[in-house]
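These notes concern the structure reproduced below.
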Amino acid sequence: MTSPNGPAADPAAAALLADPFGPLRSRGYLMLLVVAAVLGVVLSAGAYGFLRAVSLLQDAVYTDLPKALGFDGAPVWWPVPFLGVAGLLVALTVRYLPGNGGHQPAEGLNTKGAPPAAELPGILLAAVFSLSLGAVVGPEAPLIALGGGIALYLFRLLKPDADRTTQAVVAASGSFAAVSALLGSPLLGAFLLMEASGLGGPMLGIVLLPGLLASGVGSLVFTGIGSWTGVGSGSLVIPSLPAVGRPDLGQFGWALVIGVASACLGTAIQRTALHLQPRVNGSRLFWTPVMGLVTAGVAIAYAEGTGKDFSEVLFSGQSQLPELLLHTDGYTAGALALLVACKSIGYCVCLSAFRGGPIFPAMFIGAAGGIALSHLPGLPFVAGAAMGIGAMSVALLRLPMTSVLLATLLLGADGVTVMPLVIVAVVVCHVTASRLVPPPARTPVPAEA
């Protein structure tokens, strides 16, 4: 922090400005890198276990249990009781355990520091209940909180006298490792947390190196565990997509359309969720189950209206996104439009009441919308999906660089080709969305005597 007297008012800040690479030469920083690497192993294994447990619970509730009860598959009404129960369990967790069940996803991603150890059980339970029983939220926000909180707790056990800056770096490294295990890329995880936290200047490299090391080592562990168990390595890249040609002028025109449309839809989703959130918080035991039932209702409406599976509306969309992109010929424009509408409603009400992250549902909605528009002339579906993913991501996250990376890395080789289109769509959406949101109220400055 600087003061009217200059940077010297804070000796640590002044030293860092005078010699930005000084900490890298210290023995303490080398030990910090070792700690970060070890935590990367532990936390990536934990993140793998968390994601695997959620996936197994989803399968148990929506696939195995209906068959055990004699159904050929889950009947269309199946989400109703489970999302109602999910709402009740989340409400009880948020009300009676410390920590409010974690960050409320309608407010975006939380980068305000790691939660204390007492709040970790509530964050874990609220996330598991939300994710495994069908709420339309993603796993990234709980992983960021749990990774940072566990890393900080373990480090304090090892070195209780560590200063605040070191503790903050260790906590950030834990978040890096946990979210990179989900995203399948240490660089993507680093960009996400770096851009969300607003790190810059000399502190960027000091904080980034331990985080990159933790996420890099952790990604190796995550990939190894996936290979040993046969359930995949966690990569987001979707293979076997058709090759796309070079973008043309018409596709850049579509980038403008998709950018503006995504800004309007994303802003409507977030502002409605923020409008509902105080009502839910005021009577949580009533409204959280109601929001779960609304989500079940729109999922059933989609299934009845299209003949598709209601699961396409439920959950984060992370596992359904590859299927959507690889089987676009099985969807009419009307079915895709209904999918966007129903998923958006479920996403909106779940953001207001459940616990999870905002990334993957936004990506899924953007992809479905882009594919729907590709039924019109001049827009290949891969380009439409890429622009939709990037634009909807920035509409909810307000992180333009991360949104571009999410869209382009997801599509592998095609992502490089369509990157200029994604950049245009993301920038247009980001600027448009910023103009749709009213500026914060200014605090009046008292007049000088």
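The values are calculated or read from the model by the stated rules, or taken from the named source; none is laboratory data. Treat the numbers as computed from the prediction; the structure is a model and nothing was measured. For neighbour counting, all protein chains shown are included, and Cβ atoms are generated from backbone atoms with ideal geometry for every residue, glycine included. What goes into the accessible areas is simple: the full protein's heavy atoms, side chains included, and nothing from ligands, DNA or RNA. Shrake-Rupley method; radii C 1.70, N 1.55, O 1.52, S 1.80 Å.
Residue pairs whose Cβ atoms lie under 6 Å apart, separated by 6 or more positions or on different chains, with the first residue in the stretch 41-59 and of a type outside the set (A, V, I, L, M) and the second buried (at least 18 other Cβ atoms within 10 Å of the Cβ), are Ser44/Ala177; Ser44/Ala181; Ser44/Gly218; Ser44/Val221; Ser44/Phe222; Tyr48/Phe222; Tyr48/Ile225; Gln58/Ser132. Taking each residue of the stretch 354-382 that is within 30 Å of Val94 (Cα to Cα) and looking for partners that are basic (Lys, Arg) and not in a strand (DSSP E or B) with beta-carbon atoms closer than 6 Å, six or more apart or interchain, yields Ile365/Lys343.
The residue that is modelled with the highest pLDDT, among those in the stretch 149-173 that are open to solvent by 30 Å² or more (accessible area, probe 1.4 Å) and under 22 Å from the mean Cα position of the chain (by Cα), is Ile150. Here Val404 meets the list (1) open to solvent by 10 Å² or more (accessible area, probe 1.4 Å); (2) at pLDDT below 90; (3) in contact with a Gly (Cβ under 8 Å, 6 or more places away or on another chain) almost entirely, failing just condition (2). Residues of the stretch 363-397 that are closer than 19 Å to Gln320 by Cβ and not in a helix (DSSP H, G or I): Ser374 alone.
For the stretch 274-329, the set of residues classified as within 21 Å of Gly366 (Cβ to Cβ) and part of a loop (DSSP other than H, G, I, E, B) consists of Lys308, Asp309, Val313, Leu314, Phe315, Ser316, Gly317, Gln318, Ser319, His327, listed by residue number. Total residues in the stretch 101-119 satisfying the condition of being assigned to a helix (DSSP H, G or I) and either closer than 26 Å to Phe286 by Cα or open to solvent by 50 Å² or more (accessible area, probe 1.4 Å) (or both): the figure is 5.
Taking the conditions (1) open to solvent by less than 10 Å² (accessible area, probe 1.4 Å); (2) more than 20 Å from Pro289 (Cβ to Cβ) in turn, Gly134 satisfies each one other than (2).
Residue-by-condition table, conditions (1) more than 29 Å from Glu195 (Cβ to Cβ); (2) among the acidic types (Asp, Glu); (3) surrounded by 24 or more Cβ atoms within 10 Å (Cβ to Cβ):
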site	(1), (2), (3)
Leu51	no, no, no
Ala86	yes, no, yes
Ala91	yes, no, yes
Gly99	no, no, no
Ala127	no, no, yes
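Do the conditions hold for Gly412, that is, is it open to solvent by less than 10 Å² (accessible area, probe 1.4 Å), over 18 Å from the mean Cα position of the chain (by Cα) and touching a residue at least 24 places away in the same chain (Cβ under 8 Å)? Taking the combined requirement at face value, the residue does not satisfy it. The condition (being acidic (Asp, Glu) and in a loop (DSSP other than H, G, I, E, B)) is satisfied by just one residue among Asp72, Asp59: Asp72.
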